[in-house]
Amino acid sequence: MECYNPAEAMDRARILELQAVRLKNTVYQATRAPFYRERLAREGIRIQDVATAEDIRKLPFTTKEDLRAQYPYGLLAVPLKHLVRLHASSGTTGSPTVIFHTAGDLNTWAELVARCMFMVGIRPNDVFQNMSGYGLFTGGLGIHYGAERLGCLTIPAGAGNSKRQIKLLQDFRVTAIHIIPSYALHLGTVFTSLDFDPKLLSLRIALIGAEPHTDATRKRIEDIYGLKAFNSYGLSEMNGPGVAFECGAQNGMHLWEDSYLAEIVDPETLEPVPDGQIGELVLTTLTREGMPIIRYRTRDLTRFLPGECPCGRQHRRIDRILGRADDMFIVKGVNIYPMQIENVLMSMPEVGQNYLIILEKKGFLDQVRVKVEIREEFFVEDMRVLSALQAKIASRLRDEILITPKVDLVEPNTLPSSEGKAVRVDDRRGLNGQ
Ligand code: AMP
Ligand code: ZN
């Protein structure tokens with residue numbers, strides 16, 4: 001196994017040993033923040049109670065609400081003069097969740113991202129274009145500094161402005177990109193409208209992440225651009241990208257257990273679920289100085305993949321994110337995740353690159369309406385052909401979500417597309433609808 005950092009090659013025993021030491025350090029460091037000092041004292045937890053990685057279970061959980069309540073500075077474990085940057089979590093209402101970093105934290109983060117990029121085959125001679133938004137969002141600077149650390153010529157393209165993205169990709173013979181999956185699909189349609197085959201570019205690797213997507217979506221991206229796409233998982237609270245990443249085997253993401261202690265729990269009982277079972281991912285920072293976070297409830301649903309990875313790394317793998325606990329919607333008593341719908345749609349060749357799920361009321365009943373962009377070549381005048389396609393999509397969706405949705409077929413590029421994380425569900429049921 002070719003590694004960027006020897007920590008990638010650690011065996012389980014070594015990982016657990018290191019986690020025990022780092023967890024203890026983290027708890028110690030956390031008690032420098034007023035929030036954790038009070039909370040741990042209230043729960044009667046002393047540093048000496050933490051001796052092994054398993055002792056994580058003695059510690060309290062931290063939620064997004066906790067972080068918000070401590071806005072702006074309540075979770076700092078170091079004096080302000082030691083901090084050099086802050087980032088904030090996207091898509092929140094009210095006070096954002098802000099994360100602070102020391103120079104040491106930024107260094108660790110850049111190393112983690114460089115490690116991920118090296119793992120999927122990116123090398124210093126690659127030209128790397130980062131197409132995610134720069135600013136408070138961690139996908140910009142987080143990936144950027146990792147790419148520079150690795151030694152790539154790094155193009156900070158930022159989000160949007162598709163024509164300029166295409167020009168950069170072409171002129172600088174870009175070989176690797178970071179792109180949000182929904183934007184990768186959208187950019188594909190821009191290539192089509194320019195009659196330009198993206199396979200003619202020099203691209204060989206894409207890092208895709210920041211939002212839930214299915215394996216069918218990944219395959220589409222690989223087909224459109226003629227490259228290999230690797231799933232990149234992270235969240236601002238745990239720095240951002242670089243928490244878990246797919247390796248060459250493309251079967252689950254290695255979660256870097258020398259830097260994060262991961263648990264998967266039942267979101268109701270908060271008890272650990274057995275390996276292979278889906279639950280909520282809970283993460284603890286093991287190396288952060290400025291703002292350590294203990295047992296953070298990510299709300300992301302996934303599972304530990306059992307068995308060993310053929311790549312030889314023993315950091316446990318998590319499955320792609322099925323969705324967020326708060327993404328699930330209930331219609332006629334059935335629990336539905338947007339990713340179930342995406343899975344069906346993106347496996348159908350007739351379906352284009354975008355869709356929108358609308359939840360609405362018909363009389364007293366909830367109804368799911370799915371607007372689906374259809375590929376140009378399937379958008380024919382013949383109503384019978386279109387109705388048959390509509391019925392086919394509705395029936396495939398029914399097999400997956402157990403209720404029959406209304407399906408509207410729309411022309412390519414007619415649904416709103418976003419440069420950042422895609423909004424997949426429009427809930428119009430009103431306040432009482434949930
Ligand atoms: P933010 O902190 O605003 O960047 O948002 C982090 C959230 O984005 C995570 O908690 C996940 O819900 C989602 N996310 C990030 N990466 C992925 C990924 N590879 N697959 C699915 N969801 C992701
Ligand atoms: Zn692997």
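What follows draws every value from the coordinates through simple rules; no lab data is involved. Since the structure is predicted, the reported quantities are computational estimates derived from the model, not experimental observations. For neighbour counting, all protein chains shown are included, and Cβ atoms are generated from backbone atoms with ideal geometry for every residue, glycine included.
How about region 1-87: which chymotrypsin sites (Phe, Trp or Tyr not before Pro) there lie in a loop by DSSP and see at most 16 other Cβ atoms within 10 Å?
Here the sparse-neighbourhood loop sites are Phe61, Tyr73.
Sequence neighbours fewer than 8 away in the same chain don't count; with that in mind, list the lysines whose C-alpha is under 19 Å from Lys228.
Here the lysines satisfying the reach criterion relative to Lys228 are Lys199, Lys219.
Straight-line reach from Lys362: which lysines fall under 30 Å, measuring Cα to Cα and dropping same-chain residues less than 8 apart?
Lys332, Lys371, Lys392, Lys406, Lys421
Comparing Glu65, Glu257, Glu148, which has the greatest mean-square fluctuation in the GNM of the chain with Cα pairs linked when under 10 Å apart?
Greatest mean-square fluctuation among the candidates belongs to Glu65.
Taking the alpha-carbon distance from Lys58 and a cut-off under 22 Å, which lysines remain once sequence neighbours fewer than 8 residues away in the same chain are dropped?
Result set, ordered by chain and number: Lys24.
Which net charge results for the neighbourhood of Arg429, defined as the other residues with beta-carbon distances under 15 angstrom from its beta-carbon, given Lys and Arg at +1 and Asp and Glu at -1?
+2
What ranking do 329-341, 350-362, 176-188 get when scored by the average of other Cβ atoms within 10 Å per residue, highest first?
Descending mean neighbour count gives 176-188, 350-362, 329-341.
Less than 9 Å Cβ to Cβ from Lys228, Lys/Arg counted +1 and Asp/Glu -1: what total charge do the surrounding residues give?
0
Region 165-201 to region 333-403: how many Å between their Cα centroids?
Each part's Cα centre sits 27 Å from the other's.
Under the rule a/c < 1.5 gives rounded, and otherwise a/b versus b/c splits prolate from oblate, where does region 278-434 land using the Cα gyration tensor?
It is prolate, given that a/c is not under 1.5 and a/b is the larger ratio.
Run lengths n ≥ 4 of DSSP H only: what is the helix-derived mean residue ellipticity at 222 nm for the chain, with -39500 (n - 2.57) per run over all residues, to the nearest 500?
Helices in the chain give a 222 nm mean residue ellipticity of -9000 deg cm²/dmol.
In units of 2.2 N^0.38 Å, what is the alpha-carbon radius of gyration of the chain?
Output field value: 1.01.
Show me the GluC sites (Glu not before Pro) within region 1-34 that DSSP assigns to loop and that have at most 14 other Cβ atoms within 10 Å of their Cβ.
Here the GluC sites (Glu not before Pro) that fit, given the DSSP loop and packing criteria, are Glu2.
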